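The values are calculated or read from the model by the stated rules, or taken from the named source; none is laboratory data. Since this is a predicted model, take the numbers as computed values, not measurements. With ideal geometry, Cβ positions are generated from the backbone for all residues, glycine too; neighbour counts draw on all protein chains shown.
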Amino acid sequence: MSTTVDKKKGGGLSKGRLGVFGIVFFVVAASAPMAGMTGVVPVATVLGNGAAVPGAYVFVGIVLLLFSVGFSAMSHKVTNAGAFFAYIGKGLGVNVGVASAFVSALAYMTVQFCIYGFFGAMMSLTFGALGVDIPWFVWFVVGWVLVTLFSLFRVDVGARFLGVLTTLEVLSMVIVAVAIFATGGPEGLNFQASFDPTLVFAGGFTGTAGIALAFAFASFIGFESTAIYGEEAKDAKNTVRKATYWAIGIIAGLFAVVTFAMMTGLGANEAVNQVLERSTIEGTPLADPAAVLFSLASEFVGEWMAVVMGVLLITSLFAGLLAFQNAGARYFFAMSRGGVLPAALSKTNGRGAPSGGVWTMSIIGFIVVGLFALFNLDPIANLFYWLSAVAVLAITVVEILVSIAVIVYFAKNKGANVWQGKIAPALAAVGMTLALYLIAARFNLLAGTAAEGVDPSLPESSFALSPLGWFLVTLPIIFFVIGLISALINKKENASLTKDMVS
């Protein structure tokens, strides 16, 4: 794979800056585990499969490990900051690769912009409780400036910063989990309630199990970004492979263990009632889902831990912002370098950071988030939920294409055995297609875009979307078509793009 950069376009990404755990920190930070535990798990427990939520995370982790088998095999053949679209281009052709690049860009943009909404809201609420009333948009601007500046540093500087934040975040959750396991909670350790397949899949894929699995798949977004840093990694081919397995193992293990600890602390048989009791504010259930984990921290460790975790939730969101800013910037860099986007976006600065991509992410982000503020849309109910659901849907589409591309490529080329090149990616494609169905079916619940008069928590409400919901669901398809048209009409791409992306 050629990674030569046209000097007119930029000086190239800095090489050999990241080791395995440098990349892992970016990926784990992108998954924002603290935000997932506080925002996703309580909702999945009540609306999904109750105390069996930990089993849903295990199932999703297995699907993603299957995906990683072919994904890692492909990383030995392609080292490119565009990662997914380079893999797809190598297996399914340049045109499909370019089309998928537009979908990936949509995913990384929307996930970062939605986190800005959550970050701004949490900062406003936190300081509001201290008597300092500052609008969420002002906090967004503060975060935007800091994220942009950090992204312009050398990539290893960002990795070290994320390493500190992520380590503290994970450590706090592990401490709470260990404390709960040490006492056994009100009912003791109930492995059957959380991991028995008959309970994990109770209600079926169209019912409560499907809701829990949809939320679980949503929690893993960002794991695939390991390959994006291949050009900046030490011993790229082995580093990306190892980082991918480590990242999925850590994320899946963390979610499974900590959610099991939460169910143990709540009591498996009373988990749903306890979540509702702890998260209800002024009669509104799940109004404060973060209170579930924080109350458990206070109960089993001490009030000081709840305070610490409240701070770490904000740093978790900031870490996620920085991780996705870096990932998105490298996608724009790779697309520009390949001739898909204007050449100016492939510029790098003296530190080897993709400055053109960084500013592209930042400028678009400022405009999009600014529009939400201008039209007085809620930073969580609108900005966060709408765009996070789009991001998960978009990246799942691309992951299915990657799995198919792996099978096609290794059917024609050497470099993988039957398990790596056929069986594992085929199973992953099936699992990801299931995920796509679940996310689309439950989009009204994930995004809060149910049709008028529809209760999205009911099994029969699948695909009952408002006009806005249908528009958001089709955004990945719209971007794919735009990308495909761009590839078909851009004749000059055939030489430079093919060499850069798929040679």
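Summary table below
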item: Top-ranked residue of segment 286-322 - restricted to ones that are part of a helix (DSSP H, G or I) and β-branched (Val, Ile, Thr), ranked as farthest from GLY120 (Cα to Cα); result: VAL292
item: Residue in segment 181-189 that is buried (at least 20 other Cβ atoms within 10 Å of the Cβ) and either assigned to a helix (DSSP H, G or I) or modelled with pLDDT of 85 or more (or both) present; result: yes
item: Pair list, Cβ < 8 Å and 6+ apart or interchain, from segment 423-446 residues that are under 12 Å from ILE400 (Cα atoms) and touching a residue at least 60 places away in the same chain (Cβ under 8 Å) to residues that are among the charged types (D, E, K, R) and in a helix (DSSP H, G or I); result: ALA428/GLU399; MET432/GLU399
item: Condition met for ILE364 (without any contact (Cβ under 8 Å) to a residue 60 or more places away in the chain, assigned to a helix (DSSP H, G or I), within 20 Å of the chain's Cα centre (by Cα) and crowded, with 16+ Cβ neighbours inside 10 Å); result: no
item: Positions within segment 25-44 being assigned to a helix (DSSP H, G or I) and either of a type in the set (S, T, N, Q) or at pLDDT below 80 (or both), in sequence order; result: PHE25, PHE26, VAL27, VAL28, ALA29, ALA30, SER31, THR38
item: Whichever residue in segment 199-228 is modelled with pLDDT of 70 or more and aromatic (Phe, Trp, Tyr) and, among such residues, is farthest from SER461 (Cα to Cα); result: PHE220
item: Unique match (being surrounded by fewer than 22 Cβ atoms within 10 Å (Cβ to Cβ), more than 21 Å from MET122 (Cα to Cα) and not aliphatic (A, V, I, L, M)) among ASN326, ASN273; result: ASN273
item: Among the candidates GLY415, GLY483, GLY421, residue that is under 17 Å from ALA73 (Cβ atoms), modelled with pLDDT of 90 or more and in contact with a helix residue (DSSP H, G or I) (Cβ under 7 Å, 6 or more places away or on another chain); result: GLY421
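Residues checked against (1) more than 19 Å from the chain's Cα centre (by Cα); (2) surrounded by fewer than 24 Cβ atoms within 10 Å (Cβ to Cβ); (3) in a loop (DSSP other than H, G, I, E, B):
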position	(1), (2), (3)
PHE85	no, no, no
LEU125	yes, yes, no
GLY128	yes, yes, no
ASP133	yes, yes, yes
PHE140	yes, no, no
